[in-house]
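I have placed the structure first, in the form of structure tokens, so that the comments after it can refer back to it.
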Amino acid sequence: MNYSYYPGCSLHSTGLEYELSTQAVFKHLGLELTELEDWNCCGASSAHVFDHKLALALPARTLSQAQATGRDLVIPCAACYNRLKGADLAMRTDPAMRSELESELGFQYTGAVAVRPVLAVLAEDVGMQRIAAETVHPLDGLKVVTYYGCLLVRPPDIAQFDDPDDPHVMADVLRAAGVEVRYWSHATDCCGGSLSLSRADVVQGLVGKLAERAREAGADAFVTACPLCQVNLEMRQTSEPKMPAFYFTELLGLAFGLPEADKWLGKHLIDPRPILERVTV
């Protein structure tokens, strides 16, 4: 199967391990990701604060490119997914805004493109049975909590993915690969991503609470699908021992026995390899 692919800004920079592991997992599963040739920033974190129309036009331009391919658009970053899904919803439900954006961008919106997070593709198109069958190194002994952050499942009328109050898809995928996922009630609490540079003191408090609750749940590490959350979780912890934050695709790659894993594990701010040394792989 072939999908259009929008990496967003983070996956080419601070979230490179997410990019590498996503590409490796999809290739292993026989799924092709074709990166859009001229994609632009979706405006996450800032555009919507300054100009509502611009905040829609930026992701709408990427949607116009994806529409031309005729394929589903797959997005790893939770923030990017939220912005593109929001633009798609606006054009579906607001004829006046759709007309303005079509005029600005020079295309006619058809609504034919399905905007999907990587997790949805793995859960729905690949399925748990295939993920379990591909697992050659179950990560026995690795205890994690799944962390969605604010934008992957909320607001529900935009995200239209998983349960906004008690999401489970990430845990389902990881359990199929042999990972022990611990239950906790903080999967969608905010990590303070938008304040990471301007109010580090606030963010340290939020991240510290998340780390404390994760340890109480018996977890060795976080697992996330958001590059903004991932870097925040690893950068703003102050208490020892610090907990690494994996991307779920990294753990899938390890469970599948992919040799590329060393390329991404060394890019973490908190080295996850000491924890993995305790795991049967």
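The values are calculated or read from the model by the stated rules, or taken from the named source; none is laboratory data. From a predicted model like this one, the values you see are computed outputs, not experimental measurements. As a convention, Cβ positions derive from the backbone with ideal geometry for all residues, glycine included, and neighbour counts pool all protein chains shown. Surface areas here come from the heavy atoms of the whole protein model, side chains and all, with no ligands, DNA or RNA. Shrake-Rupley method; radii C 1.70, N 1.55, O 1.52, S 1.80 Å.
Here the range 163-192 is scanned for amide nitrogen atoms under 20 Å from the site 7 Å beyond the Cα of residue 209 along Cα-to-Cβ, giving 164-167, 183-192.
Calculated FRET efficiency, residue 195 to residue 12, Cβ-Cβ distance, R0 = 25 Å: about 0.60 to the nearest 0.05. On the principal axes of its alpha-carbon atoms, the range 220-265 has extents of 33, 21, 16 Å, going from largest to smallest. Find the percent of Cα-Cα distances in the range 141-281 that exceed 26 Å, and round it to a whole number. Counting pairs separated by more than 26 Å, the tail of P(r) holds 19 percent. Here the ratio of the Cα radius of gyration of the range 1-101 to 2.2 N^0.38 Å is 1.10. Only beta bridges with both residues in the chain are counted; by DSSP, about 5 percent of them are antiparallel.
Semi-axis lengths, largest first, of the ellipsoid equivalent to the chain are 31, 22, 16 Å, with √(5λ) applied to each eigenvalue of the Cα gyration tensor. Between the amide H of residue 5 and those of 34, 35, 36, 74, distances stay under 5 Å, these residues lying 5 or more places away or on another chain, with hydrogens modeled in the peptide plane. Using the rule -39500 (n - 2.57) for each DSSP H run of four or more residues, divided by the residues of the chain, the 222 nm mean residue ellipticity is -12500 deg cm²/dmol.
Compared with the direct C-alpha span, the chain from residue 27 to residue 260 gains 82.7 nm at full extension, assuming 0.36 nm per residue.
Among the lysines of the chain, pairs at least eight places apart or on separate chains and with Cα atoms under 26 Å apart come to 12.
P(r) tail for the range 20-70: Cα pairs beyond 14 Å make up 61% of the total.
The amide H of residue 180, built 1.01 Å from its N in the peptide plane, has 141, 142, 144 as neighbours under 5 Å, considering only residues 5 or more places off or on other chains.
Computed about the Cα centre, the dipole magnitude for the range 150-275 is approximately 340 debye when only Lys and Arg (+1) and Asp and Glu (-1) carry charge, each at its Cβ.
A P(r) calculated from all alpha carbon pairs of the range 106-179, with 5 Å bins opening at zero, reads 3, 14, 21, 20, 17, 12, 7, 4, 2, 1, 0 percent. Treating r as the C-beta distance of residue 239 and residue 129 and R0 as 41 Å, the FRET efficiency rounds to 0.55.
Each Lys and Arg Cβ is given +1 and each Asp and Glu Cβ -1; about its Cα centre, the chain then shows a dipole of about 300 debye.
Overall, the range 1-147 carries a charge dipole of about 260 debye about its Cα centre when +1 sits on the Cβ of Lys and Arg and -1 on the Cβ of Asp and Glu, all other atoms neutral.
The antiparallel fraction among DSSP beta bridges confined to the range 1-122 stands at about 0%.
Between residue 40 and residue 183, the FRET efficiency from the beta-carbon distance, with R0 = 45 Å, is close to 0.70.
Candidate membrane-span-like segments in the chain, meaning DSSP H helices with Cα atoms spread over at least 20 Å of their own axis and a Kyte-Doolittle mean of -0.5 or above, are 52-69, 78-93, 200-216, with no membrane implied. When the chain is treated as a Gaussian network with alpha carbon springs shorter than 10 Å, the biggest mean-square fluctuation among 210, 29, 151 belongs to 29.
Annotation: per residue accessible area for the chain equals 42 Å², rounded to a whole number [probe 1.4 Å, protein chains only].
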